[in-house]
1. Please find, within segment 84-101, the residue that is nearest to the chain's Cα centre (by Cα) out of those that are polar (S, T, N, Q) and under 22 Å from I7 (Cα atoms).
2. Looking at the structure I just gave you, is A85 in a strand (DSSP E or B) and hydrophobic (A, V, I, L, M, F, W, C)?
3. Do you know which of the residues in segment 99-116 that are part of a strand (DSSP E or B) and acidic (D, E) is nearest to G87 (Cα to Cα)?
4. May I ask you to list the residues in segment 9-53 that are within 21 Å of D69 (Cβ to Cβ) and either surrounded by fewer than 21 Cβ atoms within 10 Å (Cβ to Cβ) or without any contact (Cβ under 8 Å) to a residue 12 or more places away in the chain (or both)?
5. Return yes or no: is D115 modelled with pLDDT under 90 and either surrounded by 18 or more Cβ atoms within 10 Å (Cβ to Cβ) or among the charged types (D, E, K, R) (or both)?
6. Identify the residue in segment 52-69 that is in a strand (DSSP E or B) and in contact with an Asp or Glu (Cβ under 9 Å, 6 or more places away or on another chain) and, among all such residues, is farthest from T99 (Cα to Cα).
7. Go through segment 59-115 residue by residue and tally those that are among the hydrophobic types (A, V, I, L, M, F, W, C) and without any contact (Cβ under 8 Å) to a residue 40 or more places away in the chain.
8. Could you identify the single residue in T86, T6, T39, T47 that is at pLDDT below 95 and closer than 17 Å to D114 by Cβ?
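The values are calculated or read from the model by the stated rules, or taken from the named source; none is laboratory data. No experiment lies behind these values; they were computed from the predicted model shown. Methodologically, a virtual Cβ is constructed for each residue, glycine included, from the backbone with ideal geometry; neighbour enumeration extends over all protein chains shown.
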Amino acid sequence: MIETKTITWFPACLVKDMPENGGACVRYGDSQIALFHFTRRNEWYATQNECPHRRQMALSRGMIGTSGDVPKVACPFHKKTFSLATGECLSGDECSLKTYPVKVENGWVYIGIDDEDE
């Protein structure tokens with residue numbers, strides 16, 4: 001039997017309210033989600049906002065860039081880097097980030113939450 005996850009799309013913000021080539025923290029219930037607008041690549045990403053290295057809510061303020069062709073974010077405190085696409089730690093540590101799907105429709109940015117996140 002194949003299990004399917006139900007995704008709930010919630011409106012996070014208007015596109016015009018997001019900083020270019022940067023991030024912002026979005027609240028969903030009791031969770032903090034880091035939303036990133038990678039303008040140079042015309043891409044959107046969402047991850048947990050908590051850095052798993054030291055458990056600080058800081059990733060939305062991290063610097064984004066690339067490692068090769070992999071979009072990444074660096075924690076502003078510890079400089080640990082993570083793939084925005086997969087959440088994998090690119091700094092050699094075993095910690096990783098939860099990632100969320102993002103879509104843009106009619107000027108709104110939506111983040112997808114699956115039934116396990118509810």
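1. The initial filter retains those residues of segment 84-101 that are polar (S, T, N, Q), namely 86, 91, 96, 99.
Adding the requirement that they be under 22 Å from I7 (Cα atoms) leaves 86, 96, 99.
Working: T86: 10, S96: 12, T99: 6 Å.
Filtering segment 84-101 for residues that are polar (S, T, N, Q) and under 22 Å from I7 (Cα atoms), the one nearest to the chain's Cα centre (by Cα) comes out as T99.
2. On the way: in a strand (DSSP E or B): no; hydrophobic (A, V, I, L, M, F, W, C): yes.
Against the criterion (in a strand (DSSP E or B) and hydrophobic (A, V, I, L, M, F, W, C)), A85 does not qualify.
3. Looking at residues that are part of a strand (DSSP E or B) and acidic (D, E), I get D114.
4. Those that are within 21 Å of D69 (Cβ to Cβ) and either surrounded by fewer than 21 Cβ atoms within 10 Å (Cβ to Cβ) or without any contact (Cβ under 8 Å) to a residue 12 or more places away in the chain (or both): E20, N21, G22, F38, T39, R40, R41, N42, E43.
5. Values: modelled with pLDDT under 90: yes; either surrounded by 18 or more Cβ atoms within 10 Å (Cβ to Cβ) or among the charged types (D, E, K, R) (or both): yes.
Yes; evaluated as a whole, the condition is true for this residue.
6. Q56
7. Total satisfying the criteria: 9.
8. That would be T6, the only listed residue that is at pLDDT below 95 and closer than 17 Å to D114 by Cβ.
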